[in-house]
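Taking it in order: structure first as structure tokens, then the write-up.
The values are calculated or read from the model by the stated rules, or taken from the named source; none is laboratory data. Since we're looking at a predicted model, the values are computed, not measured. Using ideal geometry, Cβ is built from the backbone for each residue, glycine included, and neighbour counts are taken over all protein chains shown. When the accessible area is computed, the model is the full protein with side chains, heavy atoms only, and any ligands, DNA or RNA have been set aside. Shrake-Rupley method; radii C 1.70, N 1.55, O 1.52, S 1.80 Å.
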Amino acid sequence: MTHPPQVDEEAACVSKMIKSMMQSSGGFSERRNNKITFPEISGKILEKVCQYFYYKLQYTDSRYSVPEFKIPPELALDLLMASNYLDC
């Protein structure tokens, strides 16, 4: 059985939507449970999104050249839709 990816809160907060859910004073159950699921996003796409979170953290404000974040062409459209949904 495949386990869903687990992401550090700092990395997950690259997504403005996740950051809002985790840091707002509202009654989001995700904040209380410290767990967010996205059943509408496939595991393959979610895994690539999580990789991007860490990439973004690593290279934000970098003084060095930033390597390309490689996206397989067959995932491009689904990643675009997921990134739009997650606001990242």
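If only residues of the stretch 10-64 that are acidic (Asp, Glu) and within 24 Å of Leu77 (Cβ to Cβ) are counted, the one that is nearest to the chain's Cα centre (by Cα) is Glu47.
All told, Leu46 falls short of being over 19 Å from Met17 (Cβ atoms) and open to solvent by less than 40 Å² (accessible area, probe 1.4 Å). Within the stretch 53-85, the residues that satisfy the criterion of being more than 20 Å from Phe38 (Cα to Cα), out of contact with any helix residue (DSSP H, G or I) (no Cβ under 9 Å at 6 or more places or on another chain) and not aromatic (Phe, Trp, Tyr) are Gln58, Thr60, Asp61, Ser62, Arg63, Ser65, Glu68, Lys70, Pro73, Glu74. Within the set Ala82, Ala12, the sole residue that is modelled with pLDDT under 95, surrounded by 15 or more Cβ atoms within 10 Å (Cβ to Cβ), hydrophobic (A, V, I, L, M, F, W, C) and at negative phi turns out to be Ala12.
When Glu74, Glu30 are checked against the criterion of being surrounded by 10 or more Cβ atoms within 10 Å (Cβ to Cβ) and of a type outside the set (Phe, Trp, Tyr), a single residue qualifies: Glu30.
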